[in-house]
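Q: Quick one: the structure is below, questions incoming.
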Amino acid sequence: MDQQEVLDRLREELGIPFFEGKLEEKNYSEEEYQKLKTDLENYFNDYVRNVEN
């Protein structure tokens, strides 16, 4: 999938409709997408959620 498809899928699956991440312009495999998604979820949990609490 290309950069735009990755962004669209992340917006839908993470429930962040206005997410505008900076991604490398390339074709992403499913494995790369899953790693990117996991990394974003971990970042949110480690840094954003901790600030909220």
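The values are calculated or read from the model by the stated rules, or taken from the named source; none is laboratory data. This one's a predicted model, so the numbers in the text were calculated from it and none came from an experiment. Methodologically, a virtual Cβ is constructed for each residue, glycine included, from the backbone with ideal geometry; neighbour enumeration extends over all protein chains shown. Quick note on the areas: whole protein, heavy atoms, side chains included, nothing else; ligands and nucleic acids left out. Shrake-Rupley method; radii C 1.70, N 1.55, O 1.52, S 1.80 Å.
Q: Residue pairs, Cβ under 9 Å, 6 or more apart or interchain, first in the stretch 14-27 and under 16 Å from MET1 (Cβ atoms), second of a type outside the set (Asp, Glu) and part of a loop (DSSP other than H, G, I, E, B). List them.
A: Here the result reads ASN27/MET1, each pair linking the stretch 14-27 to a residue that is of a type outside the set (Asp, Glu) and part of a loop (DSSP other than H, G, I, E, B).
Q: In the chain, what count of residues is obtained for those that are of a type outside the set (Phe, Trp, Tyr) and not in a helix (DSSP H, G or I)?
A: The number of residues fulfilling the criteria is 15.
Q: If you don't mind, there's one more thing I want to ask. Here are some residues: ASP8, ASP39, ASP2. Which one is within 8 Å of the chain's Cα centre (by Cα), open to solvent by 60 Å² or more (accessible area, probe 1.4 Å) and at pLDDT 90 or above?
A: Step by step, each of ASP8, ASP39, ASP2 is checked, and only ASP39 is within 8 Å of the chain's Cα centre (by Cα), open to solvent by 60 Å² or more (accessible area, probe 1.4 Å) and at pLDDT 90 or above.
Q: Next question. All but one of (1) touching a Lys or Arg at 6+ places or on another chain (Cβ under 7 Å); (2) modelled with pLDDT of 95 or more hold for PHE19; which doesn't?
A: In the conditions (1) touching a Lys or Arg at 6+ places or on another chain (Cβ under 7 Å); (2) modelled with pLDDT of 95 or more, PHE19 misses (2) alone.
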